[in-house]
Amino acid sequence: MGRPRAATARQVKVTTMPTRTRLALATAPLALIAAAPAPAETPPAPAPATTVDAAPADAAPATPQALGPKERGNQTIASPVQEAYPAEAVGDGNTAGGYNQSRWAEDWTRYRDPAKRNDPLDRLKFIPFDANGNVYLTLSGELRFRVNQTTNPNLRDAEAQRQDITRIVGGADLHLGNHVRLFGELAHAGLAGRNLGTITPQMRNDLVVQQSFVDVTGKIAEADVGVRYGRQTFADGPNLMVVPRDNNTIFFVYNGTRAWARAKSVRVDLFDFRTTRLGVGGTGDDISERGRRFSGISGGIVLPKTLFGGSKLFLDPFLWRLRNDNATWGRTTVREERFFYGLHTLGDVGPVNLDWTVNYQGGNYNGRSIDAWLVLLAQNYRIGKSKGAPRVGFHFDYASGGGAYGTGKLRNALAPFGNNIYYSYQLYATPTNLIAFAPTFTFTPLAKLRVSAEYQLSWRDTVTDAVYRANGTAFAGTQLVAGRKIADTARLQAVYTVSPRVSLTGRYEHLMAGPALTNAGYKSSDFLAGWLSLRF
């Protein structure tokens, strides 16, 4: 987020965050950062089920809500300077272990004091260009080495798939005094292995301008205000509806304008974006897709602590519009204009952490009205008083379905740019025509080891409509067969934090296909993944 003043050396400790928000070297030259914003990006055409979508090692155990709040003990982290609205709820993504999913949201101004720089990498986080340190540069980078193994790709009885994945990211964050900041980020995606299927630009890409924007910030009365223009990540909304998708090798990013005003207990964000279609050969072949536009307003209200006796809760209303000139439902690809009217409640009530969203969707699909609902309820309970105490909970999710293969109203709900792995590490489920329930459990058997598990049961809302993958495409033929039960899915994740900069992650999923899939010829599948993540 933009910094309304020259950043102070203030450090912010991690506070409890909603369960859904936990998910997981070339340095961008200053010429790139200061350049005009990159061409408007659009996401690639719907990718096959083999698309890589792997969370960062320090961000998302088994499922985001299996995690509970951001609990890092007494560790002090780098956090955005935020003097008005509480920093943990401004909609800039999740900070974990000192690093944010979106690197521009980090504040490393504590290293203005040379005595606090413990090694050469610390020095890269604050490079001053004037005596007062008001003009300074922060460099960032990430290396991620990952292997995925899927026994039945696309849920067919086929040769197993192995993906060997490399992510390399380098960024630079230049602050020009109190009110102007330039940020740029380059990324490389490498992919090898066996039986890879269709490879998208978000899986393999020589070089991408992942982000490139300018911020202008300031203060009006008691509010922090700012405007950002260029290519950027965006996460101001429910995790299941809009996130940068760190699981992809290349982030999901937008181009356009975001503006905000944040006072002590209220905030408002406005945005107008176009999405991306990436090329694969370098930084100059990304294509602007004018046919997909995402705009709207997201708000925030700090609810009184006395409401539930010492609670810390936020109420975030949102109104969004998504126009897609090539939306596909059933056998037709036409223009869709969809409106999202929603309320998102998140935070803590004593030992209970919750993240609830109710969203009605209206609009028009090729002359047919849209009438759809999303209800996303995640909650967990901390067993004990320590921050590392085990957590038990569940999530229940309802996404309406129907109409894709018929006439009249379209009742299929849509989560436009959400967390793709939330329901399946193998990307075999999405909140469209879906009812899901999953008990969750998270515990810390060792000081640096976090383990999360869940068992998810899922059904179709409407048996005459299809089962849908994470990329929004239907499992062919499922709309023609009987059976409401989609699958049972058992998932386990372990994250070992070697140091604040280094983490190891292991992940396993067993998807047991139900009649809605098996009656159309689909099979059960196992998934195993492991990766090493290094950041500075």
Taking interchain pairs and intrachain pairs at least six residues apart, which have beta carbon atoms under 6 angstrom, with the first residue in segment 105-125 and more than 30 Å from ASP236 (Cα to Cα) and the second assigned to a helix (DSSP H, G or I)?
LYS116/ARG110; ARG117/TYR111; ARG117/ARG123
Among residues of segment 403-413 being in contact with a Ser or Thr (Cβ under 6 Å, 6 or more places away or on another chain) and open to solvent by 10 Å² or more (accessible area, probe 1.4 Å), the residue farthest from ASN433 (Cα to Cα) is LYS409
Restricting segment 182-216 to residues that are modelled with pLDDT of 95 or more and β-branched (Val, Ile, Thr), the one least open to solvent (accessible area, probe 1.4 Å) turns out to be VAL214
Which listed residue, of LEU414, LEU376, is at pLDDT 95 or above, touching a helix residue (DSSP H, G or I) at 6+ places or on another chain (Cβ under 8 Å) and closer than 28 Å to ARG323 by Cβ
LEU376
Is it true that GLY300 is crowded, with 21+ Cβ neighbours inside 10 Å, assigned to a loop (DSSP other than H, G, I, E, B) and either polar (S, T, N, Q) or in contact with a Lys or Arg (Cβ under 7 Å, 6 or more places away or on another chain) (or both)?
no
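Could you say whether any residue in segment 169-179 is β-branched (Val, Ile, Thr) and in contact with a Phe, Trp or Tyr (Cβ under 6 Å, 6 or more places away or on another chain)?
no
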How many residues of segment 445-463 are closer than 18 Å to SER424 by Cβ, part of a strand (DSSP E or B) and open to solvent by less than 60 Å² (accessible area, probe 1.4 Å)? The answer is 6
GLU289: passes all of (1) buried (at least 16 other Cβ atoms within 10 Å of the Cβ); (2) under 22 Å from GLY91 (Cβ atoms) but (2)
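Here are some residues: THR442, THR432. Which one is surrounded by 16 or more Cβ atoms within 10 Å (Cβ to Cβ) and farther than 20 Å from HIS510 by Cα?
Of the residues listed, the single one that is surrounded by 16 or more Cβ atoms within 10 Å (Cβ to Cβ) and farther than 20 Å from HIS510 by Cα is THR432.
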Tally, over segment 350-388, of residues that are closer than 25 Å to LEU315 by Cα, outside any strand (DSSP E or B) and open to solvent by 50 Å² or more (accessible area, probe 1.4 Å)
1
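The values are calculated or read from the model by the stated rules, or taken from the named source; none is laboratory data. Fair warning: this is a prediction, and the values are worked out from it, not measured in the lab. Glycine also receives a Cβ, built like all others from the backbone with ideal geometry; neighbour counts cover every protein chain displayed. Ligands, DNA and RNA are excluded from the accessible area calculation, which covers all protein heavy atoms including side chains. Shrake-Rupley method; radii C 1.70, N 1.55, O 1.52, S 1.80 Å.
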